[in-house]
1. Could you give me the residue pairs with C-beta distances under 7 Å whose first residue belongs to region 236-264 and is at pLDDT below 80, whose second residue is surrounded by fewer than 24 Cβ atoms within 10 Å (Cβ to Cβ) and hydroxyl-bearing (Ser, Thr, Tyr) wherever it lies, and which are 6+ apart or on separate chains?
2. Scan region 318-350 for residues that are crowded, with 18+ Cβ neighbours inside 10 Å, in a helix (DSSP H, G or I) and hydrophobic (A, V, I, L, M, F, W, C) and jot them down.
3. Quick check: anything in region 283-293 at pLDDT 85 or above, open to solvent by 40 Å² or more (accessible area, probe 1.4 Å), part of a helix (DSSP H, G or I) and within 27 Å of Ser107 (Cα to Cα)?
4. Give the residue that is nearest to the chain's Cα centre (by Cα), with candidates limited to residues of region 294-312 that are open to solvent by 60 Å² or more (accessible area, probe 1.4 Å) and free of Cβ contacts under 8 Å to residues at least 24 places away in the same chain.
5. Any idea which of Lys475, Lys485, Lys470, Lys453 is open to solvent by 40 Å² or more (accessible area, probe 1.4 Å), over 18 Å from Arg422 (Cβ atoms) and out of contact with any helix residue (DSSP H, G or I) (no Cβ under 9 Å at 6 or more places or on another chain)?
6. For region 91-125, how many residues meet the condition of being open to solvent by 20 Å² or more (accessible area, probe 1.4 Å), part of a helix (DSSP H, G or I) and not β-branched (Val, Ile, Thr)?
7. State which residue is nearest to Ile47 (Cα to Cα) when the search covers only region 14-30 and only residues that are surrounded by fewer than 19 Cβ atoms within 10 Å (Cβ to Cβ) and of a type outside the set (D, E, K, R).
8. Please work out if Val512 is touching a helix residue (DSSP H, G or I) at 6+ places or on another chain (Cβ under 6 Å), closer than 18 Å to Arg527 by Cβ, among the aliphatic types (A, V, I, L, M) and part of a strand (DSSP E or B).
Amino acid sequence: MLEAALLSIGLVIVVAKLAEGLLRHFRLNAIVAYTATGILLGPVAGIVEPTSEMQILLGIGIFLFFFLIGLDELDISGFIAAIRGRFFVTAIISVLLSLVVALTVTSDMIYDFGLGLTFSGSLALAGILSLTSLGVVAKVLIDEGHLKQPIGIQIFTTALIAELLTLLLVGFTIGEHVHHLSWESLLILPVKIAVFTVVTWVLASRVLPPLIVLLKRFLHVSQLSFGLILGGLFLTVVGAEHMGLHGSLGALLFGAALSKLPYHVRRDIIPGMRGTAEGLFVPLFFASAGLHLSLAFTELPVWTIAALVFIPLVGKFAAAYIGASVARLKMPFALATGLMAKGVAEMALLLVLLEVEMIGHDVFSLLVLIMLAYILLTPLAIRAVVSRVKPSPEQLTLPESLPPSLARFALDDITVGDILDRTRTYPDPTMSVRAFADQWIVPHQHDYAVVDKGELYGIVSLSMLRYLPKESWSKTPLRKLARPKTLHAWPDEPVEDALQQMTENSLTVIPVRDRESKKFLGVINIRQILELITREATGEY
């Protein structure tokens, strides 16, 4: 049995990754490649069938997958900051209205389409049909150079809030103890979610990171951070299950709480965890969607199929348009189109609903095909609509605050070397403090590199000038104030990692050294990075 299971798993992974590479030439999403692999090896060829051993791996994969969604996409601090904003109003109206419209199909409260779902199942499925994929939205906006423009920031911020609200709702409704959820029990839903969110957030963001740093000082254990994070993930999943929530919600919140891990901890754990997920669990996870696919959906009534295809689609677009109009956001048509994006979370949640037997193979198969159509077509629609937006001058103003997670997407695939200016000159250590203050200080920069004959001498911070009497500025050289020991970044390092180092150490610049020779190449500063995020241009760097 074990040998047969390993053969099936190995075959699925190999074919899935090869299919991903092949379909990438046609600009098709990796999830399409993985699902197509499952369909080919399962229903079409009959070579691979879902086994109990595979289900164990899928169970682990579900939690790791949602952990990474929380880590990469969700921004709870940005969500809280936006509660009083127009984006929050738009997202609330969009989510509530689209949920109500989707419920008219998934439940029998107006007309019975024959799905036979409990109320909790109807609500969970309506949530999935109302969900917006922030990852897909961000990728399209990045590809088109619109992420840093006002319309891109509007779509991104609203999608961020809408996705978090809907994921929390779906995570609650698929819990083990809410299969017979009633209208009355909905009253305690916000309270239960809020309590679990707060407890998970405090433990994961405030307790676990300093504990890891403390233990690493005293315990010299290989992959200690990785083990503690992975163990914490599984404990959070168990805690969620004991509260009646599905473990995927616990994993999601755990990942979101750890999105601001210290740089050196992220460096230890995230590459390995993401590599494991993308190399093993994610291909297997979405290939299993193809393995479970069948033609059973053809036995559903025609009006049921049509209702599941068109009513949530129209309802979601109309809800987003109404929300943007009520909140008086500009360009509501483009924003509504952006919120139509769907991606991997929807497919994953459908697999969870199938696993907990909330939906049958007929509804599952139909919705997988619908989600594949969304994944293929919505990026094209968003790209076409957003590229044609011609905002008026008053619409070119950036919002007062930007969600912190915007940086993670805006800086994706940009390295330190991409923004490093190697021709820049720097003050000399023999220069007087007075000359430095007159010639070099610029707004919004508090730290400056001091260079001696092409080599970094140290970093001077403006805070040091406070302790030096002004009458001494003319006769005091910079070398007296420069800190010789400082952090550094590599040219091939992601800009996001350099930004995190600067943030954690309260620096506005960071020196860059060649990875092999350790030679000083220059510095990058916070201002350069912020310009990448908020520049009102076409995405050229």
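1. If the second residue must be surrounded by fewer than 24 Cβ atoms within 10 Å (Cβ to Cβ) and hydroxyl-bearing (Ser, Thr, Tyr), the pairs left are Lys260/Ser205.
2. Ala319, Ala320, Ala324, Ala334, Leu335, Ala336, Val344, Ala345, Met347, Ala348, Leu349, Leu350
3. No; the residues of region 283-293 include none that is at pLDDT 85 or above, open to solvent by 40 Å² or more (accessible area, probe 1.4 Å), part of a helix (DSSP H, G or I) and within 27 Å of Ser107 (Cα to Cα).
4. Phe310
5. Lys485
6. 3
7. Checking each candidate, the answer is Val14.
8. Yes; evaluated as a whole, the condition is true for this residue.
The values are calculated or read from the model by the stated rules, or taken from the named source; none is laboratory data. No experiment lies behind these values; they were computed from the predicted model shown. Quick reminder, even Gly has a Cβ in these numbers, built from the backbone with ideal geometry, and neighbours come from all protein chains shown. For the accessible areas, the whole protein counts, side chains as well, though only heavy atoms, and no ligand, DNA or RNA atoms are used. Shrake-Rupley method; radii C 1.70, N 1.55, O 1.52, S 1.80 Å.
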